[in-house]
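**Student:** Let me give you the structure first, and then I'll get to my questions.
Please treat every number below as a calculation from the coordinates, not as lab data. Note that this is a predicted model, so its numbers are computed, not measured. Cβ atoms come from the backbone with ideal geometry, glycine included; neighbour counts cover every protein chain shown.
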Amino acid sequence: MRIYMLEYNKEINHGDFETEEYNLIGLYLSEEEAQNAKRRIVSEMNIDTDLLFVSAADIGELQWEGGFVSSDDLYQDSITLTACFNEWLGIDKSPEESWEDNKYYNALCDVEEVAYQIKDTRELAEYIQQVWIRRFEDTSKKFEDYMQIASKIISTMSE
């Protein structure tokens, strides 16, 4: 059985750094209920719809399968994920150079945060598409592009 979560996430730019506001708004037995709650909150509280997200998790299933990892492993995964993004975008920079762009780095962090949890290529592609549109306001990419990067990420991160 799946449970659907309605979550609020807002990034706040402070100039030199960013912070996030996060709240779990509610848990629902169907995606339809969660989407209805999202619409109700948007209209009643005048909250930007882009700040509300519906996600799903299986009840009774371990959501934290990765266990503990070392900081070296995390750093290597960041390099690997950055290489995937750079290849996808045609960027010829080292990971460290790429990370200097805050918008790019934050989008990368958003994807890395869930790359370990999502094993379905389509689901990861949909998530990357949401991040991409939210971070860059770029709707020019085709869904096949997101599927390609999601497939590459899943195959690379599971090695």
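**Student:** Could you tell me how many degrees, from 0 to 90 and to the nearest 10, lie between the Cα long axis of helix 121-136 and the main elongation axis, the longest principal axis, of the Cα atoms of the chain?
**Tutor:** Approximately 90 degrees, to the nearest 10.
**Student:** Determine ³J(HN,Hα), in whole Hz, for all residues of segment 38-51 in sequence, where each value follows from phi through the Karplus function 6.51 cos²θ - 1.76 cosθ + 1.60 and θ = phi - 60°; x replaces Gly and Pro.
**Tutor:** Coupling constants for segment 38-51: 4, 4, 5, 5, 4, 6, 6, 9, 6, 9, 4, 4, 5, 8 Hz.
**Student:** Let me ask something else. In terms of the Cα gyration tensor, with a ≥ b ≥ c the square roots of its eigenvalues, is segment 71-157 rounded because a/c is under 1.5, prolate because a/b exceeds b/c, or oblate?
**Tutor:** Here segment 71-157 falls in the oblate category.
**Student:** Which angle between 0 and 90 degrees, to the nearest 10, do you get for helix 143-157 versus the longest principal axis of the chain when only C-alpha atoms count?
**Tutor:** Once rounded, one gets 70 degrees.
**Student:** Report the Stokes-Einstein translational diffusion coefficient (µm² s⁻¹, integer) for segment 1-102, Rh taken as the Kirkwood radius over Cα pairs, at 10 °C with viscosity 1.306 mPa s. Can you show the working numbers first?
**Tutor:** Values: Rh = 16.9 Å.
This corresponds to a translational diffusion coefficient of 94 µm²/s.
**Student:** Of 93, 141, 103, how do they rank once you tally other Cβ atoms within 10 Å and put the fewest first? Walk me through the numbers before you get to the answer.
**Tutor:** Working: 93 14, 141 17, 103 11.
Listing 93, 141, 103 from fewest to most nearby Cβ atoms yields 103, 93, 141.
**Student:** Using a/c under 1.5 as the rounded threshold, could you call segment 2-58 rounded, prolate or oblate? The axes a ≥ b ≥ c are square roots of the C-alpha gyration tensor eigenvalues, and prolate needs a/b larger than b/c, oblate otherwise. Could you put the intermediate results ahead of the total?
**Tutor:** Working: a/c = 3.61, a/b = 1.69, b/c = 2.14.
Judged from the Cα gyration tensor, segment 2-58 comes out oblate (a/c at least 1.5, b/c at or above a/b).
**Student:** Does anyone have the angle between helix 102-115 and the longest principal axis of the chain? Alpha-carbon axes, 0 to 90°, nearest 10?
**Tutor:** Taking Cα atoms only, the helix is inclined about 70 degrees.
**Student:** At what distance in angstrom do the alpha carbon centres of segment 81-125 and segment 1-37 lie from each other?
**Tutor:** Comparing the Cα centres of segment 81-125 and segment 1-37, I get a distance of 21 Å.
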